[in-house]
Amino acid sequence: MSELRKVSSNPHVRDKDTTSRIMLTVTFALLPATAFGIFNFGMRAALVVAVSIAAAVLTELLFELCCKKKVTVKDFSAVVTGLLLGLNLPVSVPLWLPAVGSVFAILVVKMLFGGLGKNFMNPALAGRCFLLISFPALMTNFTCDAYAGATPLANLKAGVSVNAIDMIIGRTGGTIGETSMLAIVAGACILILAGIIDLKIPGSYLVSFVVFVTLFAFLSGRTVDGPYLAAQLAGGGLMLGAFFMATDYVTRPITQKGQYVYGLFLGFLTALFRIFGASAEGVSYAIILGNLLVPLIEKYTMPKCFGKGGERS
Amino acid sequence: MENKNTVWERLFNGIVKENPTFVLTLGMCPTLAVTTSAINGLGMGLSTTVVLALSNLMISLLQKIIPDKVRIPAFIVIIASFVTVIQLLLQGYVPDLYASLGIYIPLIVVNCIILGRAEAYASKHPPILSLFDGIGMGLGFSLALTCIGAVRELLGAGEVFGQRVMPAGYVPFSIFIMAPGAFFVLAALTAIQNKVKMIGEKKGRDMSKIQSGCGHDCLSCNQASSCRDREAVLAKEKNGQGEEA
């Protein structure tokens with residue numbers, strides 16, 4: 001934390017927030033979704049998540065020991081990355097797969113770019129996309145003991161009717177942590193109450209998603225009704241992405257206006273990918289694409305210095 | 001600097017010291033696009049080597065005749081002629097390789113290594129040295145492309161030169177034979193070769209032989225921006241711009 005030595009003049013606000021406290025709160029907030037995933041898919045889900053977390057933490061530790069850098073595993077950011085990646089995998093994957101994804105997420109996306117705070121992309125999502133491109137068959141095999149066949153979103157895309165109530169509760173197939181909208185929103189409430197995130201990004205993301213998904217579904221000649229929208233909102237990784245990944249401190253815009261723009265853009269991309277894309281899901285790619293645009297968004301939404309704005313006379 | 005211009009020095013310079021891919025990072029388009037397998041990388045590298053050697057030789061022979069003002073179009077015409085020859089030969093004798101390299105064969109014309117060597121070396125040096133400069137650079141390029149292709153093929157398909165290497169249970173990382181894999185492998189191999197040079201330097205060995213030293217060749221120098229002789233570089237650039245204008 002040598003960069004923090006430059007301090008501006010007083011008055012200073014003291015706060016108990018530390019990186020590890022925030023990351024622990026996020027981990028805690030993800031527990032409802034994790035617990036529901038284990039309840040929904042069985043103990044193997046716990047194993048997949050555990051392998052993912054262990055690989056993420058070990059990779060960070062080994063990299064820092066090998067490069068003789070300060071060991072930062074105590075800040076729990078690797079735990080959050082591993083946990084998020086694990087929650088984004090189907091339960092049926094072989095156990096080496098979460099390990100490979102975590103190694104990629106931590107080593108390539110985070111550590112090689114300078115560690116926490118310097119990664120330009122959400123490591124967990126980048127890890128998931130790496131796996132999705134490398135092993136499409138394994139990553140989209142959602143058949144397990146509890147559920148068979150396609151995910152509700154894939155059914156929705158194919159025009160098969162789905163049970164929106166089941167999707168909101170989470171009794172459906174899918175990745176480990178994404179199925180239950182209730183559990184994820186409960187976790188998100190913890191984050192919001194703890195002041196870790198606010199509703200700017202998730203709110204604008206979800207609103208813009210609803211608007212664009214209605215528009216695009218209408219354009220592609222579907223009937224859009226309440227259950228359809230509810231299913232689109234509850235299905236896939238949208239909730240997990242909106243509350244836990246799009247709000248990642250490192251890869252979201254820092255300006256307030258920029259956060260609305262970012263949310264709007266993510267909603268547009270997700271709707272575009274879901275309705276017109278080849279796959280039923282589009283949250284992961286939408287968010288990492290959004291991550292890449294963050295510097296641009298920040299450049300154009302940076303507030304003017306006091307005295308520099310306004311019209312010149 | 002004493003024996004800078006000998007045949008062996010030129011070969012060594014091209015393959016190790018100023019390896020066009022890992023040190024100069026030139027010719028990235030074919031490097032990233034065709035290295036999906038070791039054989040493609042080797043084929044691309046050798047085709048480029050032939051064009052590079054012949055065009056260097058020809059340009060060096062014609063250096064007194066080509067007027068300075070139209071030298072770039074003249075170089076392009078010479079290079080394009082050789083590329084056409086290579087293209088027809090590949091199409092005739094190795095149609096499989098020709099099919100898998102596709103558009104990247106005609107694109108050898110605009111490979112910046114070839115134009116770079118013509119401009120930076122062949123148009124100012126004697127023919128035999130230019131020929132070997134081209135061969136050295138081409139072999140360096142071939143070596144790099146074959147390495148990248150082999151690693152990508154190994155990870156992305158479990159094979160090297162079409163031979164199964166990985167055990168039967170290996171699930172290939174198909175991302176490595178797609179575009180992102182090219183960037184990962186190129187970056188990793190470049191990092192490894194830099195690390196090897198650094199270790200050598202730390203042990204106190206004389207690395208000037210394999211360290212890309214300043215050949216007063218700022219055009220093809222990737223370290224021009226952080227150069228110790230920065231002022232000289234800037235002055236040279238300024239002069240260059242003056243000539244252009």
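The values are calculated or read from the model by the stated rules, or taken from the named source; none is laboratory data. Model, not experiment: these values are computed from the prediction. Note that each Cβ is placed from the backbone with ideal geometry, even for glycine, and that neighbours are counted across all protein chains shown. Areas reflect the complete protein model, heavy atoms only, side chains present, ligands, DNA and RNA absent. Shrake-Rupley method; radii C 1.70, N 1.55, O 1.52, S 1.80 Å.
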Meets criteria (over 30 Å from B:V165 (Cα atoms) and not in a helix (DSSP H, G or I)) for B:L24: yes
A:I176 farther than 18 Å from A:F142 by Cα and touching a residue at least 60 places away in the same chain (Cβ under 8 Å): no
Unmet criterion (only one of (1) buried (at least 19 other Cβ atoms within 10 Å of the Cβ); (2) among the β-branched types (V, I, T); (3) within 16 Å of A:L116 (Cβ to Cβ)) for A:V71: (1)
Cβ pairs under 9 Å, 6+ apart, first in region A:73-84 and without any contact (Cβ under 8 Å) to a residue 60 or more places away in the chain, second of a type in the set (F, W, Y) and crowded, with 24+ Cβ neighbours inside 10 Å: A:V80/A:F244
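The rows are residues; the columns are (1) within 13 Å of chain A (Cβ to nearest Cβ); (2) open to solvent by 50 Å² or more (accessible area, probe 1.4 Å).
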position	(1), (2)
B:F132	no, yes
B:L143	no, yes
B:F161	no, yes
B:V165	no, yes
B:I175	yes, no
B:M178	yes, yes
B:F184	yes, yes
Complete set of residues in region A:15-24 that are touching a residue at least 60 places away in the same chain (Cβ under 8 Å) and either in contact with a helix residue (DSSP H, G or I) (Cβ under 7 Å, 6 or more places away or on another chain) or outside any helix (DSSP H, G or I) (or both): A:T19
Listing of helices (runs of 4 or more DSSP H) fully contained in region A:86-145 that carry 2 or more residues being out of contact with any strand residue (DSSP E or B) (no Cβ under 8 Å at 6 or more places or on another chain), open to solvent by less than 40 Å² (accessible area, probe 1.4 Å) and within 12 Å of chain B (Cβ to nearest Cβ): A:96-103, A:123-134
Selection within region A:191-203 - open to solvent by 20 Å² or more (accessible area, probe 1.4 Å) and of a type in the set (A, V, I, L, M): A:I192, A:L193, A:A194, A:L199
Output for region A:244-264, where each listed residue is aromatic (F, W, Y) and part of a helix (DSSP H, G or I): A:F244, A:Y260, A:Y262
Answer from A:L206, A:L182 - the residue that is at pLDDT 90 or above, open to solvent by 60 Å² or more (accessible area, probe 1.4 Å) and more than 14 Å from chain B (Cβ to nearest Cβ): A:L182
Residue match in region B:89-99 (condition: buried (at least 21 other Cβ atoms within 10 Å of the Cβ) and in a helix (DSSP H, G or I)): no
Cβ-Cβ under 7 Å pairs, at least 6 apart or on other chains, region B:69-81 side more than 19 Å from B:T48 (Cα to Cα), far side among the hydroxyl-bearing types (S, T, Y): B:R71/B:S123
Members of region A:128-171 that are modelled with pLDDT of 85 or more and polar (S, T, N, Q): A:S134
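A quick yes/no check of all residues on (1) small (G, A, S); (2) free of Cβ contacts under 8 Å to residues at least 60 places away in the same chain:
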site	(1), (2)
A:G221	yes, yes
A:Y228	no, no
A:Q232	no, no
A:G237	yes, no
A:F244	no, no
A:Y249	no, no
A:I254	no, yes
A:Q259	no, yes
A:Y262	no, no
Search result, residues across region B:44-79 that are under 18 Å from the mean Cα position of the chain (by Cα) and open to solvent by 30 Å² or more (accessible area, probe 1.4 Å): B:L46, B:V50, B:L54, B:L57, B:I76
B:L46 vs. criteria at pLDDT below 95, touching a helix residue (DSSP H, G or I) at 6+ places or on another chain (Cβ under 8 Å) and not in a loop (DSSP other than H, G, I, E, B): yes
From the options B:I192, B:I128, residue that is modelled with pLDDT of 80 or more, surrounded by fewer than 14 Cβ atoms within 10 Å (Cβ to Cβ), more than 14 Å from chain A (Cβ to nearest Cβ) and farther than 14 Å from B:N13 by Cα: B:I128
Among (1) assigned to a helix (DSSP H, G or I); (2) more than 27 Å from A:V91 (Cα to Cα); (3) free of Cβ contacts under 8 Å to residues at least 40 places away in the same chain; (4) more than 17 Å from the chain's Cα centre (by Cα), the one test that A:I192 misses: (4)
Unmet requirement for B:S212, which otherwise passes all of (1) at pLDDT 90 or above; (2) of a type in the set (G, A, S); (3) touching a Cys at 6+ places or on another chain (Cβ under 9 Å): (1)
Unmet criterion (only one of (1) in a helix (DSSP H, G or I); (2) within 30 Å of A:G115 (Cα to Cα); (3) not hydrophobic (A, V, I, L, M, F, W, C)) for A:R274: (2)
